[in-house]
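> Questions regarding the structure given below will be posed in turn.
The values are calculated or read from the model by the stated rules, or taken from the named source; none is laboratory data. Predicted model only: the values in this text are computed from it and were never measured. Please note that ligands, DNA and RNA were not included when accessible areas were found on the heavy atoms of the full protein model with its side chains. Shrake-Rupley method; radii C 1.70, N 1.55, O 1.52, S 1.80 Å.
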Amino acid sequence: MKWVRIGLGLVLAAFMVFMGAQKFTGPNPIFSYIADQSGMGFFEPGVRMLTGAAELLAAALILVGLFLGRYKSCGPMLSLLIIIGAIGFHLSPWLGINAPVAFDGAGGYVHSPMLFVMAVVFGVVSAVMVALQRKA
């Protein structure tokens, strides 16, 4: 069971780094779209940067928990909370399941359910990690 926990933890940490790092490369279609739909401009770049920092922190805490044993539930719990927030926004009228994944070059967005599916899958992985870390 230890190897399952380590494998899932490494995959989850890599996912959180991948998603978090994207938030710092420039305007993001998700957060721009939410800002446009909600009329609240602080989503881009404020909430985008905060979310990216939280995702990177979750990845670091997951790795610390796996290999040093300290705070072993903190990383998976933080990732689960972040992903629950993402799923909540996907289910809101501001974003939707078919979320913008890219700018189309004409001032619009290209939509796909891919990000919603990824959020659900990694939400399950996070929940499993929380359970496994609590048992370890």
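> Using a 1.4 Å probe on the protein chains only, how many percent of the accessible area of the stretch 13-109 belongs to carbon and sulfur?
Here it works out to 71 percent.
> Can I ask one more? Keeping every protein chain present and rolling a 1.4 Å probe, give me the accessible area per residue for the chain in Å².
About 53 Å² of surface per residue is accessible.
> While we're looking at this one, here's another question. Only one of the values (1) 50, 27, 25; (2) 42, 33, 27; (3) 50, 23, 22 was calculated from this structure for Cα extents along the principal axes in Å; name its label.
(3)
> For PHE103 and ALA131, calculate 0.36 nm times their separation in residues minus their Cα-Cα distance, and state this gained length in nm to one decimal.
Using 0.36 nm per residue and subtracting the Cα-Cα distance, I get 6.3 nm.
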